[in-house]
1. Quick test of your reading of the structure: Phe171 fulfils all but one of (1) at pLDDT below 95; (2) under 20 Å from Ser223 (Cα atoms); (3) out of contact with any Asp or Glu (no Cβ under 7 Å at 6 or more places or on another chain). Name the failing condition by number.
2. Looking at the stretch 238-250, which of its residues are open to solvent by 10 Å² or more (accessible area, probe 1.4 Å) and either outside any loop (DSSP other than H, G, I, E, B) or of a type in the set (Ser, Thr, Tyr) (or both)?
3. Kindly indicate whether Val58 is assigned to a loop (DSSP other than H, G, I, E, B) and at pLDDT 85 or above.
4. With respect to Leu268, determine if the residue is in a helix (DSSP H, G or I), crowded, with 20+ Cβ neighbours inside 10 Å and either in contact with a strand residue (DSSP E or B) (Cβ under 7 Å, 6 or more places away or on another chain) or not small (Gly, Ala, Ser) (or both).
5. Among the residues of the stretch 123-167, which ones are within 24 Å of Leu15 (Cβ to Cβ) and hydrophobic (A, V, I, L, M, F, W, C)?
6. Give the stretch 95-105 a look and list any residue that's assigned to a loop (DSSP other than H, G, I, E, B) and either touching a Lys or Arg at 6+ places or on another chain (Cβ under 7 Å) or surrounded by 22 or more Cβ atoms within 10 Å (Cβ to Cβ) (or both), or say none.
7. Can you give me the number of residues within the stretch 278-319 that are over 25 Å from Glu253 (Cβ atoms), open to solvent by less than 20 Å² (accessible area, probe 1.4 Å) and assigned to a helix (DSSP H, G or I)?
8. Tell me which residues, restricted to the stretch 25-42, are open to solvent by less than 40 Å² (accessible area, probe 1.4 Å) and not charged (D, E, K, R).
Amino acid sequence: MLSHDTESSPSSLDLRSLSHEELLALVTELGWPSFRAKQVEDWLWKHHVSSFDEMSNVPAALRKQLAERGTLGGVSEVARQVSNDGSRKYLVEYADGTRAECVGMPTRNRLAVCVSTQAGCRMGCVFCATGMGGFSRSLTATEMFDQVTHVADDFQTRVSSVVMMGQGEPFNNYDNVLAALRMLNSPNGAGIGARHLTVSTCGIVPMIRRFAKEPEQFTLAVSLHSAVQATRNQLMPGVRKYSLGRLHEVMEEYVEKTGRRPTYEYALIGGVNDNANELDALCDFTRGTLAHVNLIQLNDLEGSKLKPSTTEKAELFVRALASVGVEATIRNSRGADINAACGQLSQKHK
């Protein structure tokens, strides 16, 4: 369990933002024996209750006192879309009216969840719909956790992996993202193994260096999208100050420090980053590294001049990268028949 969220928290106290020690202190202060704190924790973290009345083995008087002190957080569902491939996308709303998107992606007996870390985004990536809606605020750790539990409850199954790859730049909300990862990893939280918890960043160099020093084996993905500086500046203006040279250097440090294999995300955009020059640069950038390259078919955004590349180009990239010893895969696109790309569902429900 964890201490209070530190960034952009709504005004009312979410009881789940209390550490075990803080909740124990609160229960004791209210005049109850310490075992009641563990009962309350079980309802908060194992049963995901949305009402104090659901805490059936907790005395009514204590439930009333807790309700006077804080809330149980949670979200309300604004919109929900179901894809033919089984994926479900949600637009959820928090108590203060802030909205965020999350996605559930089932595969056989496993369920992956894509979580937003901010409401909106300041990075301005030209291929992403999120930036079109501006930036509202960063989400708290418990608000990220709520997205995961909402999806789990809807699918009526346990979540096996989580990617912080939805709306927002996770490393611009570092403390809350790390707290959420630890909640998801904790046996008292979702109990998901650290290696099944992934953070995707645009490439915030100082935060990658900090992330490498964390004791847990969380995994890292970096949105690369071009290994040509001019192209990357055009596609991802928010990380212009972090050059490809600096990124390459810090990723070498990351691998050396952690021994873990990072992933580079590369959305293939027709006529922009799928030509021979871009491919040569990508091969040069990744050659001799431990990194895996994840090739993504760009989501076709309404009103955007950017269009997806072809399957043939994607296969060419895979072969060329393999020829220099770099493993690459073409990511199976999920939810293509719904508003699958980050920010699309939010824009639709503005």
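1. (1)
2. Gly238, Tyr242, Ser243, Leu244, Gly245, Arg246, His248, Glu249
3. Against the criterion (assigned to a loop (DSSP other than H, G, I, E, B) and at pLDDT 85 or above), Val58 qualifies.
4. So Leu268 fails the test.
5. Once the filter is applied, which keeps residues that are within 24 Å of Leu15 (Cβ to Cβ) and hydrophobic (A, V, I, L, M, F, W, C), the stretch 123-167 yields Leu139, Ala141, Met144, Phe145, Val148, Val151, Ala152, Val159, Val162, Met164.
6. The one that is assigned to a loop (DSSP other than H, G, I, E, B) and either touching a Lys or Arg at 6+ places or on another chain (Cβ under 7 Å) or surrounded by 22 or more Cβ atoms within 10 Å (Cβ to Cβ) (or both): Thr98.
7. Going through the stretch 278-319 one residue at a time, the tally reaches 4.
8. Of everything in the stretch 25-42, those that are open to solvent by less than 40 Å² (accessible area, probe 1.4 Å) and not charged (D, E, K, R) turn out to be Leu26, Val27, Leu30, Ala37, Gln39, Val40.
The values are calculated or read from the model by the stated rules, or taken from the named source; none is laboratory data. Everything quoted here is computed from the prediction, not taken from an experiment. Using ideal geometry, Cβ is built from the backbone for each residue, glycine included, and neighbour counts are taken over all protein chains shown. Protein only, heavy atoms only, side chains kept; ligands, DNA and RNA dropped before computing areas. Shrake-Rupley method; radii C 1.70, N 1.55, O 1.52, S 1.80 Å.
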